[in-house]
Amino acid sequence: MPRLKPKKRARLPDRAFAYVDSRGRRRLPVHDKAHVRNALARFNQVAFDDDAARERARKRLLNAAKKYRIVPVGFITGQLRAEQRHATAGRLVIELGRNPAPGELEQRLRTVLRDPTLAVLHWSDASGAFLDSTGKPVPLPAERDRQGVTYLERRGRPITALVHDPTLLADPALAETVLDAVRFVVEKDRLHGQIQATSTDAAALPTGFVALLMTDIEDSTVLLRRLGDRYGGLLNDVRGVLRAAVSRAGGREIDARADELFAVFERAAAAIEAAVAIQRELGNRTWTDDLEVRIRVGIHSGRPTLTDAGYIGLAVHTTARVCSAAHGGQIVVSAATRAAVGASASTGIRFRDLGRHRLAGLPDAEALFQIQAQGLRVKFPRPRIGRRSVSRRQSDDRMRPEAGQLELPSA
């Protein structure tokens, strides 16, 4: 179907569109047969002002289809499915509105959503894992397990994970209703002390010399522009991969804001293990709309200061700068992390010397290394530092950052 040119679109009267919203924006042109077919296919992608507006647009579209002798079988089938989803959401609101007793949330969700395998897990910082209703740590499913994981967060931090049939919450409207209902119950139960998992507890985090890992989604603004409201689903999928990898490697999630995730590990080798798992799994995924979703990963080892609000200090700042220097799909680590790993790196892990670079806000040039492993992309452009790297002649008298030969910085 040829795209409707702006001048021609402007000349069309309002009645040539199935929907005109409250701001005067005209959607779903139906002035010819081709555009009616297109409007039938795109109807469920439109955000309507309210249910009444949706119903008026639906009737206009059906009348246009009748005019051009189009039998909209697929459209009618889709509407029936949408009604079924709304009915499911209605049953959910009724069930959860009955003030379920502690532990009943999971069973009621299984009944209403007709998924006997559904599990409700609650995050515990004390355990560094998600717990089931009995307080037992439960690992998140891997990609091969063919289960979906949907997260509820508070201020960027996980509080609950729903493990379910991956097709269950494919509809954004139903997913939003389910999550809102579950959030209401979870928050209420937390206020009454009925959930065994604790909120973020800084005292449970490791201290001393640790490995900090930070991730960031490359070109997230482009992805947001292309996906619109669907970006939230993609972000949830990405965070699911990150959290599962961090948890399996024994790490602790510290914070998740916008497109970034911050985690801590007691061992640098474990942080690299998690990073490799992240890049492998994301690299093997096929994303909707043929999107390319790539993650930058940066790792630095040091001695951050632990406060009630989490970690602070130069080590945290350095981790962010190392992450920023990476490209999507790449893992970059600092010299401190390279030295901390020493000979304890997993089999197949290699360190490629990227040279010394001045990173914004840091007093000294930092030696950077790229992690190489099977299944990971090898070639990348120069580090994203915005400044020239430091030549060998300009560098100080420190030896090259090989195991056992580097003097560790204090941060």
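Here are a few things to note about the model shown:
- Any chance residue 361 is closer than 26 Å to residue 284 by Cα, within 30 Å of the chain's Cα centre (by Cα), outside any strand (DSSP E or B) and modelled with pLDDT under 95: no
- Considering (1) surrounded by 17 or more Cβ atoms within 10 Å (Cβ to Cβ); (2) within 14 Å of the chain's Cα centre (by Cα), the lone condition that residue 219 does not fulfil carries the number (1).
- Any chance residue 321 is in a helix (DSSP H, G or I), assigned by TED's automatic domain parsing to the domain that holds residue 369 and closer than 24 Å to residue 138 by Cβ: no
- Residue, modelled with the lowest pLDDT, within region 93-124, restricted to residues that are under 20 Å from residue 139 (Cα atoms) and of a type in the set (Ser, Thr, Tyr): 124
- Residue check, residue 259 under 15 Å from the mean Cα position of the chain (by Cα) and more than 21 Å from residue 206 (Cβ to Cβ): yes
- Close contacts from region 343-363, counting a first residue that is in the same structural domain as residue 268 (by TED's automatic domain parsing) and a second that is modelled with pLDDT under 90 and outside any loop (DSSP other than H, G, I, E, B), with Cβ to Cβ under 6 Å and a gap of 6+ residues or different chains, come to 355/389; 356/390; 357/389.
- Note on region 5-25: among residues that are touching a residue at least 12 places away in the same chain (Cβ under 8 Å) and under 23 Å from residue 227 (Cβ atoms), the one that is surrounded by the most Cβ atoms within 10 Å (Cβ to Cβ) is 19.
- Given (1) touching a residue at least 60 places away in the same chain (Cβ under 8 Å); (2) in a strand (DSSP E or B); (3) polar (S, T, N, Q), number of the condition residue 370 does not satisfy: (1)
- Subset of region 238-273 [out of contact with any strand residue (DSSP E or B) (no Cβ under 7 Å at 6 or more places or on another chain) and either of a type in the set (Lys, Arg) or at pLDDT below 85 (or both)]: 248, 257, 258
- Some residue of region 12-23 being of a type in the set (A, V, I, L, M), at pLDDT below 90 and assigned to a helix (DSSP H, G or I): no
The values are calculated or read from the model by the stated rules, or taken from the named source; none is laboratory data. As the structure is a prediction and not an experimental result, all values here were calculated from the model. Virtual Cβ from ideal backbone geometry, glycine too; neighbours counted across all protein chains shown.
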